[in-house]
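Enquirer: Submitted below is the structure of interest, expressed as structure tokens.
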Protein chains: 4
Amino acid sequence: MIEHSIAVRVRYGETDQMGVVYHANYLLYFELARTELLRAAGVAYSDLEKKGLFLVVTEASCRYHAAAHYDELLQVSCRVAATGKARVRFEYGVHGPGGNLLTQGHTELATVDSGKRPVRMPEDLLRRLSP
Amino acid sequence: MIEHSIAVRVRYGETDQMGVVYHANYLLYFELARTELLRAAGVAYSDLEKKGLFLVVTEASCRYHAAAHYDELLQVSCRVAATGKARVRFEYGVHGPGGNLLTQGHTELATVDSGKRPVRMPEDLLRRLSP
Amino acid sequence: MIEHSIAVRVRYGETDQMGVVYHANYLLYFELARTELLRAAGVAYSDLEKKGLFLVVTEASCRYHAAAHYDELLQVSCRVAATGKARVRFEYGVHGPGGNLLTQGHTELATVDSGKRPVRMPEDLLRRLSP
Amino acid sequence: MIEHSIAVRVRYGETDQMGVVYHANYLLYFELARTELLRAAGVAYSDLEKKGLFLVVTEASCRYHAAAHYDELLQVSCRVAATGKARVRFEYGVHGPGGNLLTQGHTELATVDSGKRPVRMPEDLLRRLSP
């Protein structure tokens, strides 16, 4: 199963008045890592959409262990945890500048067409995600 | 020229680590007031889009006089300041719970079709905006 | 266990290019319902923070069954599912204008002080959440 | 006057149902460029806040010439346009992957202390901004 890691710097607008990253924003970080994992596997997600294939999030979860702060450079890792005929599960970890684990999570995505109907994942995409 | 005012409660995720509403979010408040001004004038903006007419923001400005805080109930007013053949200018004011002016701003919007080409504003819409 | 439901209208900026509400934004809707459940139970969350008590999200999950669209008036329900000495679990459901279930989820929150150290939930708050 | 340019990749959640970047998000891009201009000038904004100096946005404007799309790599430039005793004006330009100008804007920021009272800009900061 493939894995990929990116660096994400916390933006000011992503913090809240507790002085930490607002909890919903980790889902955005997850998506950034997922997009770059796909790109590293040779797939630009924007191209998939242009060809009429969409990956829609059907499940998401996050556990928050420690907070991230403004301007910190986070490491966001993403790995393919499972693939199905029309779905793929990704797992994520976010680490702080000191290497400590801040959050963990997963998303499950389904492949649908432009009419939002479930479709089989193309063989090529499947092969790239689980080589 | 018509005018409309709405109440908006500040959400937690709209604050930043300064403990106040993040400055970009006022543009969202402006849009909420604009949408409700249109609705009060008999126009659901979502219906315009379904008919292939889009209002795209071509200019926006905001002056920040005082800060809004989490959970405060703000008053956001919107008025049609000018209309053209294919554009409309809205002006906004945001007042805090005590009635003090927090921010002021404007947006200019252009009417375009689904291909993003400029189109004349429909007579009916123009009449509703500048009765 | 107490329960509360609110109406939330989908904002334009909450949609993405799939033409539906971006998945991370449901966590914001959950928080709105949670805040109003607390208010209905006699607790303004903003007052808790002023007194030095913070509720921090330690877990969140969401399952997406169907999409919400721009300008739709959603019903977001929230209920207290469990309480502990220093934590509370909320469960959520989001229903579309036609009454269909769009998303379900939960969050787990911990009570901490202004230094982000775990503290017991005040008796009064606990009683209001699980009467 | 100093100038700085950064690359910003458009995130999925930054688009709206028109299929383009939601207009308020350009203010976030402006801030990213401003932060990196400061860093390039030897100032980490997060350090300023730790020392009790805050730069608050008092004015912002944006003109939208053409749309940015998901996954595009934008160039966001920022320059110091004017400095005062307790304020600084930045001007911005956002260019698309093909080099075309998408948006232009400005922000005016004031220096305040942790109590949000206006304070003179420290000499060192002023020198770094207008060498």
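Enquirer: Which whole-angstrom value gives the distance between the alpha carbon centres of the stretch D:32-91 and the stretch A:54-114?
Expert: 30
Enquirer: So the label point sits 7 Å from Cα along the Cα-to-Cβ vector; using that for C:Lys50, what distances do you get to the other copies, in nanometres, sorted shortest first?
Expert: 3.2, 4.4, 5.4
Enquirer: Restricting to Cα pairs below 8 Å that are 6+ residues apart, what does the relative contact order work out to for the stretch C:3-129? Please round to a whole percent.
Expert: That works out to 29 percent.
Enquirer: Continuing with this model, one more query. Just tell me which lysines come within less than 21 Å, Cα to Cα, of D:Lys116; anything on the same chain fewer than 8 places away is out.
Expert: C:Lys50, D:Lys50, D:Lys51, D:Lys85
Enquirer: Summarise the long-distance tail of P(r) for the stretch B:3-67 by giving the % of C-alpha pairs beyond 21 Å.
Expert: Details: 745 of 2080 pairs.
Here the tail beyond 21 Å accounts for 36 percent of pairs.
Enquirer: Shifting gears a bit: State the answer as a single residue: which of A:Leu55, A:Ala40, A:Ala68 lies farthest towards the positive end of the charge dipole of the stretch A:3-129, with beta carbon charges of +1 for Lys and Arg and -1 for Asp and Glu, about the Cα centre.
Expert: A:Leu55
Enquirer: Here's something else I'd like to know. Positive end of the charge dipole of chain B (Lys, Arg +1 and Asp, Glu -1 on Cβ, about the Cα centre): tell me which of B:Gly99, B:Pro122, B:Met18 has its Cα farthest that way.
Expert: Toward the positive end, the furthest listed residue is B:Pro122.
Enquirer: From the label point of A:Leu73, set 7 Å along Cα to the beta carbon, how far off in nm is each other copy's matching point, shortest first?
Expert: Going from nearest to farthest copy, the values are 1.8, 4.7, 5.0 nm.
Enquirer: Taking a label point 7 Å out from Cα toward Cβ, give me the nm distances from A:Glu123 to the same spot in the other copies, shortest first, one decimal.
Expert: Going from nearest to farthest copy, the values are 6.0, 7.0, 7.4 nm.
Enquirer: Moving to a separate point now. May I ask for the net charge around D:Asp113, where only other residues with Cβ less than 12 Å from the Cβ of D:Asp113 are counted and Lys, Arg are +1 while Asp, Glu are -1? Write down the numbers at each step before the final one.
Expert: Details: positive: D:Lys51, D:Lys116, D:Arg117, D:Arg120; negative: D:Glu49.
Taking every other residue near D:Asp113 into account, the sum is +3.
Enquirer: While we're on this one: Using the 2.2 N^0.38 Å rule of thumb for compact globular proteins, work out how the protein assembly as shown stacks up: its C-alpha Rg over that value, please.
Expert: Compactness ratio reported: 0.97.
Enquirer: Tell me what chain D gives for mean residue ellipticity at 222 nm when only DSSP H runs of n ≥ 4 count, each as -39,500 (n - 2.57), the sum divided by the residue total, rounded to 500 deg cm²/dmol.
Expert: It comes out at -6500 deg cm²/dmol, rounded to the nearest 500.
Enquirer: Can you list the residues, at least 5 places off or on another chain, whose amide H is less than 5 Å from the amide H of D:Thr58, using H built in the peptide plane?
Expert: D:Glu108, D:Leu109, D:Ala110
Enquirer: Also, quick follow-up: Treating only the Cβ atoms of Lys and Arg (+1) and Asp and Glu (-1) as charged, compute the dipole magnitude of the stretch C:3-129 about its Cα centre; round to the nearest 20 debye.
Expert: Roughly 500 debye for the stretch C:3-129.
Enquirer: Further question: Measure nothing but the geometry: give the 0 to 90° angle between the long axis through the Cα atoms of D:25-40 and the longest principal axis through the Cα atoms of chain D, rounded to 10°.
Expert: 50
Enquirer: Note down the net charge around B:Arg89, summing +1 for each Lys or Arg and -1 for each Asp or Glu among other residues with Cβ under 10 Å from its Cβ.
Expert: Details: positive: B:Arg79, B:Arg87; negative: B:Glu59, B:Glu91, B:Glu108.
After counting each charged neighbour, the total is -1.
Enquirer: Further, regarding this structure: Using a cut-off of 9 Å between beta-carbons, work out the net charge of the residues near A:Arg79 (Lys and Arg +1, Asp and Glu -1, A:Arg79 not included).
Expert: Net charge in that neighbourhood comes out at -2.
Enquirer: A further question follows. Under a crude label model (7 Å from the Cα following the beta-carbon direction), how far is A:Arg127 from D:Lys50 in nanometres?
Expert: The answer from the label model is 5.1 nm.
Enquirer: Also: So what are the radius of gyration and Dmax for the Cα set of chain D, in Å?
Expert: 15.3, 46
Enquirer: Follow-up. Find the chain C residue whose Cβ sits closest to the rotation axis that carries C onto B, and give that distance in whole Å.
Expert: Whole-Å result, nearest residue of chain C to the axis: C:Arg11, 5.
Enquirer: Further, regarding this structure: Each residue of the stretch B:12-24 in order: what ³J(HN,Hα) in whole Hz does its phi give by Karplus 6.51 cos²θ - 1.76 cosθ + 1.60, θ = phi - 60°, with x for Gly and Pro?
Expert: For the stretch B:12-24, the Karplus-derived couplings read 4, x, 8, 8, 10, 6, 7, x, 10, 5, 4, 4, 5 Hz, x marking Gly and Pro.
Throughout, read-outs are computed from the coordinates displayed, never taken from laboratory work. Every value quoted in this text rests on a predicted model; they were computed, and no experiment measured them. Counting neighbours? That spans all protein chains shown, and the Cβs are built from the backbone with ideal geometry, glycine included.
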